[in-house]
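The values are calculated or read from the model by the stated rules, or taken from the named source; none is laboratory data. As the structure is a prediction and not an experimental result, all values here were calculated from the model. Every residue, glycine among them, receives a Cβ derived from its backbone with ideal geometry; neighbour counts consider all protein chains shown.
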Amino acid sequence: MRGLLPTTKRSGPSVGCTLPTQGPLSSDPRVAILDAGLPQEHSIGRWLKNYRVLDEKAGDDPEGPEHGLAATSAFLFGPIEPEGSANRPYSFVDHLRVLDEGASLENPLELYRTLGHVEEVLLSRQYEFINLSIGPDVAIEDDDVHAWTSVIDHLLSDGSTFMTIAAGNNGTRDSIVQLDRVQVPSDCVNAVTVGAANCTSSAWARASYSARGPGRSPGVIKPDLMAFGGGKQYFHALVPSIKHNLVPLLGIL
């Protein structure tokens with residue numbers, strides 16, 4: 001199952017870094033990361049405003065908390081240089097666990113229970129900015145609007161919430177039958193789809209694993225933008241530890 005999107009792949013040993021001693025630049029934005037939870041030990045407590053699990057009776061997905069921490073680290077600090085100092089975050093963040101161990105019992109092409117958790121958050125209208133990096137393991141189809149896309153697009157249509165969605169890490173799949181196209185729900189026309197670039201220099205290119213366009217009409221231009229996600233240059237993010245340790249990753253966006 002795709003479930004966790006993007007898939008984070010460790011590529012080496014952990015190294016240290018220095019995190020800011022100050023709070024974020026602003027306390028005003030209401031920001032949420034919808035992902036797979038956080039580990040018991042992490043070093044982002046200074047900037048984590050709230051942590052909530054949507055289903056308190058369900059346990060974590062086995063790989064979920066590490067992925068959730070990497071996604072939250074990426075939002076707060078962007079790529080962190082090994083042995084370097086991370087930039088001060090723009091805002092506090094809430095992390096909401098919408099994907100849990102129950103996802104393993106769902107149809108990987110549907111994940112309707114997980115979608116219900118995402119829908120609950122959007123219906124609450126609590127957040128101005130939301131990032132989503134999970135979804136069904138299915139590339140978009142022009143003539144079939146997936147339930148994930150339909151529900152999320154409808155709830156974003158009033159313009160009160162700005163959502164970014166990971167494009168997908170299926171870019172190396174069969175292009176002839178378009179299995180490398182952006183995955184649902186990144187075809188939402190009311191959300192911004194983010195693909196992965198392979199480095200931070202001016203010579204950047206689409207990372208080979210990053211999903212391709214086109215999107216589904218009328219949102220044909222997808223991804224909407226590209227951000228560094230790891231490739232020939234690694235993306236370093238925090239690992240589960242109270243220490244400020246990093247690990248090189250691929251596919252963080």
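For the stretch 228-243, indicate whether the set of residues that are of a type in the set (A, V, I, L, M, F, W, C), closer than 26 Å to GLU110 by Cα and within 15 Å of the chain's Cα centre (by Cα) is non-empty. Let's see the steps before the verdict.
Residues of the stretch 228-243 that are of a type in the set (A, V, I, L, M, F, W, C), as a first pass: 228, 235, 237-239, 242.
After this cut, where a residue has to be closer than 26 Å to GLU110 by Cα as well, the list is none.
Looking through the stretch 228-243, none of the residues is of a type in the set (A, V, I, L, M, F, W, C), closer than 26 Å to GLU110 by Cα and within 15 Å of the chain's Cα centre (by Cα).
Based on what the data block shows, is SER73 in contact with a Ser or Thr (Cβ under 6 Å, 6 or more places away or on another chain) and more than 17 Å from PRO136 (Cβ to Cβ)?
No: the conditions fail for SER73.
A quick yes/no check of all residues on (1) at pLDDT 95 or above; (2) within 28 Å of VAL121 (Cβ to Cβ):
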{"site": "SER186", "(1), (2)": "yes, yes"}
{"site": "ILE221", "(1), (2)": "yes, yes"}
{"site": "HIS236", "(1), (2)": "no, no"}
{"site": "GLY251", "(1), (2)": "no, yes"}
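Considering (1) closer than 30 Å to GLY16 by Cα; (2) under 18 Å from the mean Cα position of the chain (by Cα); (3) of a type outside the set (Gly, Ala, Ser), say which one ARG88 fails and leave the rest.
Exception for ARG88: condition (2).
From VAL151, VAL177, VAL194, VAL184, grab the single residue that is among the β-branched types (Val, Ile, Thr), under 26 Å from TYR112 (Cα atoms) and surrounded by fewer than 16 Cβ atoms within 10 Å (Cβ to Cβ).
After applying the criteria, what remains is VAL177.
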